[in-house]
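Below is one structure, written out as structure tokens, with a few remarks after it.
FYI, it's all coordinate maths here, none of it is from the lab. Note that the coordinates shown come from a computational prediction; the quantities given were computed from them, not determined experimentally. Glycine gets a Cβ as well: all are built from the backbone with ideal geometry, and neighbour counts include every protein chain shown.
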Amino acid sequence: MEVTFYLGGLFLGFLNFLGQLAVLAGETLSSIGRGRIRMRLTLQQIAEIGFRSQLVVIVTGAFTGAVFTAQAYFQFASLNMQTAVGPVVALSMFRELGPVLTGLMVAGRVGAAMSAEIGTMKVTQQIDALRALAVNPVDYLVVPRAVAMFISMPLLVVECVGCGVLASYYVGVEVLRINGVYFLANIQKFAEGSDIVMSLVKGFVFAGIIVFISCREGLYAKDGAVGVGRATTASVVNCSLSILIANFFLTMALNIVFPAGQR
Amino acid sequence: MNEPLIKVRDLVQRIGEQEILRGINLEVMPGETLVLLGKSGGGKSVFLRHLIGLMRPVSGSIIFEGLEITNLKERELEPVRRKVGMLFQDGALFDSLNVFDNVAFPLRERGEKNPKTVREKVAGSLAMVNMTGHERKMPVNLSGGMRKRVALARAIISPPDVLLYDEPTAGLDPIVSDSINRLIRRLQRQLNMTSVVVTHDLVSCNHVADRVALLDAGRIHFLGTPAELRDAQDAIVRDFVDGRSGETVY
């Protein structure tokens, strides 16, 4: 009986969480639609989210591409299929690794910071002060972050994938001595525009996941410094899990629109 | 006789299982300074937050200038909030903005784009609270009293009709408290503001109040002038005024 109550409580808590996310996303998108966008704050957030995340995204993309290339080469070399390494790495980077790794890194770097900043504002009554000054907290805090995230994430995904493919080329051709012409020709043969579109779509969806979960955790923070710490942890965990779960469903759905291996 | 600016009727609020406000009835007249006294944790700040729509009551009504505000949505409350300023207990300054930008914040949010006008109004507002020369400081580098003064400058830069003060002298030494009390009086004189001051500081109450209400057990137990409060014979009022806890020391 107690287990039933416990599981029921968890389920209700989850529904409540989803409801709060939906309301926050609805309010934010409605404000964006009505043009309640503060340009100065949005540009600041683009610098924070997009510009300052580049190093972590570049390093992640490059070393993932490099290590994936090395592992694929070690396996494919025994089958004399070294030139297949390029397209395998490129397609994996475009369709899965690029968007997911960028999402996870941005969730850790930016999502945590968003929750901590907004959470601190919540527990120190700064959000109440905004409301008392007739400023809507969603318009002031969430909209600039959402717009910046929707602009920055697809670009960061492209950067991550690009660095991954470049690193793959360097390791494959310069270090492991795969024939460069075949390496590139096979990438061109198997990678399509739809792979890039898939990458961008995933980046856009992950942007929404990160910004709404992180802002929600901040806006509902309570119990002082401990609560802010809890909100920050919850933000990173929930964003990461949601990205991984959403990625599976996105892959299945996008594969219907852009079927893989049809050429 | 003037109509009350704010009418509160049978206001009830619960937090968890605890009933904080148990049917408050109170009227605030235009231009007066009403002080709400009560024990710490007795629901004074909770009551104040209802007056600006930061909390929604379980039941009861708040009528501001003839408009029932308890059922208004967040965006519908914005015109009311432009007429009501609030000084939070610790100032609630935006810690990412310096003093100048904190004070300029309401102006800029209300569409003032001319930097000269913003500079002049911020300077005027800071001068009124004796904080000239601290414009570039960040809130973290200010003392408690300075934070309250800056928060007050922010609250009055677009002069509201009503100003709500949440414990304006709490945690301050007697000298800084006195300067804050004088400031409240000066603002009332110069800007003809209606004020609601929540405090448990009787010195502050005697200094600024036109009328005093005592909140006890979630209800208004006493309402009168500061002189009537001092002379009251009611046991609860006397305990509060004389500072008696009623506990026995063994």
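Within the stretch A:221-257, whose backbone N sits under 19 Å from a point 7 Å along Cα→Cβ of residue A:20?
A:221-243
Step through the residues of the stretch A:168-176 one at a time and calculate ³J(HN,Hα) from phi using the Karplus curve (6.51 cos²θ - 1.76 cosθ + 1.60, θ = phi - 60°), rounding each to whole Hz and writing x for Gly and Pro.
4, 4, 4, 5, x, 8, 7, 8, 9
What is the gain in length, in nm to one decimal, between residue B:90 and residue B:58 on full extension, counting 0.36 nm per residue of separation less the C-alpha to C-alpha distance?
Gain on stretching residue B:90 to residue B:58: 8.8 nm.
Is it possible to state the helix-based mean residue ellipticity at 222 nm for chain A, with each DSSP H run of 4+ residues giving -39500 (n - 2.57), the sum divided by total residues, to the nearest 500 deg cm²/dmol? What is it?
Working: 11 runs with 202 residues, N = 263.
Value at 222 nm, helices only: -26000 deg cm²/dmol.
Please compute the net charge surrounding residue B:198, taking Lys and Arg as +1 and Asp and Glu as -1 over other residues with Cβ under 9 Å from its Cβ.
-1
Pop out the ³J(HN,Hα) list for the stretch B:71-82 in order, Karplus 6.51 cos²θ - 1.76 cosθ + 1.60 with θ = phi - 60°, rounded to Hz; leave Gly and Pro as x.
Each residue of the stretch B:71-82 in turn: 9, 6, 6, 3, 6, 6, 7, 4, x, 5, 5, 6 Hz.
Karplus couplings for the stretch A:39-44 from phi (6.51 cos²θ - 1.76 cosθ + 1.60, θ = phi - 60°), rounded to Hz, Gly and Pro as x?
3J(HN,Hα) across the stretch A:39-44, in whole Hz: 4, 4, 5, 5, 5, 4.
For labels at residue A:96 and residue A:12 in the simple 7 Å Cα→Cβ model, what's the distance in nm?
4.0 nm
How high is the FRET efficiency between residue A:257 and residue B:191 when r is their beta carbon distance and R₀ equals 51 Å, given to the nearest 0.05?
Using R0 = 51 Å, I get an efficiency of 0.25.
Angle, helix B:144-156 long axis vs. longest principal axis of chain B, Cα atoms, 0 to 90°, nearest 10?
Computed tilt is about 80 degrees.
Compute the distance in nm between two label points, each set 7 Å from the Cα along the Cα-to-Cβ direction, one at residue A:76 and one at residue B:140.
If labels sit at residue A:76 and residue B:140, their model points lie 5.0 nm apart.
Would you mind computing, in nm to one decimal, how far apart the modelled labels at residue B:123 and residue B:225 are, each placed 7 Å from Cα along Cα→Cβ?
That separation, rounded to one decimal, is 4.3 nm.
Can you list the residues, at least 5 places off or on another chain, whose amide H is less than 5 Å from the amide H of residue B:52, using H built in the peptide plane?
none
Run the reach check for residue B:83 against aspartates and glutamates, Cα to Cα strictly under 12 Å, same-chain hits fewer than 8 apart removed. What comes back?
Reachable aspartates and glutamates: B:65, B:161.
Just report the Cα centroid separation between the stretch A:119-150 and the stretch A:1-58, whole Å.
Comparing the Cα centres of the stretch A:119-150 and the stretch A:1-58, I get a distance of 13 Å.
Restricting to DSSP loop positions (anything but H, G, I, E, B) with no more than 10 other Cβ atoms inside 10 Å of their own Cβ, which trypsin sites (Lys or Arg not before Pro) remain in the stretch B:1-92?
Taking the stretch B:1-92 and a limit of 10 other Cβ atoms within 10 Å, the loop trypsin sites (Lys or Arg not before Pro) found are B:73.
With unit charges on the beta carbon (Lys/Arg positive, Asp/Glu negative), name the residue among A:250, A:70, A:148 whose Cα is farthest towards the positive pole of the charge dipole of chain A.
A:148
How much of the DSSP bridge set in the protein assembly as shown is antiparallel, in percent, rounded to the nearest 5?
Of those bridges, close to 50 percent are antiparallel.
Under 12 Å from a point 7 Å along the Cα-to-Cβ line of residue B:22: which residues of the stretch B:209-240 have their amide N that close?
Answer for the stretch B:209-240: B:216-221.
Taking the Cα centre as origin and putting +1 on Lys and Arg beta-carbons and -1 on Asp and Glu beta-carbons, what dipole magnitude results for the stretch A:155-263, to the nearest 20 debye?
Working: 7 positive and 6 negative charges, 27 e Å.
Once rounded to the nearest 20, the dipole reads 140 debye.
Based on alpha-carbon centroids, what's the gap between the stretch B:180-223 and the stretch B:126-140 in Å, whole number please?
Here the two parts' Cα centres lie 25 Å apart.
Can you list residues from other chains, or at least 5 along the same chain, whose modelled amide H is less than 5 Å from the amide H of residue A:36?
none
Suppose R0 equals 35 Å. What FRET efficiency, 1/(1 + (r/R0)^6) with r the Cβ-Cβ distance, do residue B:10 and residue B:235 give to the nearest 0.05?
E(calc), rounded to 0.05, equals 0.90.
Rounded to the nearest 0.05, what FRET efficiency do residue A:63 and residue A:192 give with R0 = 30 Å and r taken as the Cβ-Cβ distance? Could you check?
Details: r = 26 Å, r/R0 = 0.85.
The formula returns an efficiency of 0.70 here.
So for the stretch A:38-257, averaging the separation of alpha carbon pairs under 8 Å that are six or more residues apart and normalising by length, what relative contact order in percent results?
37 percent
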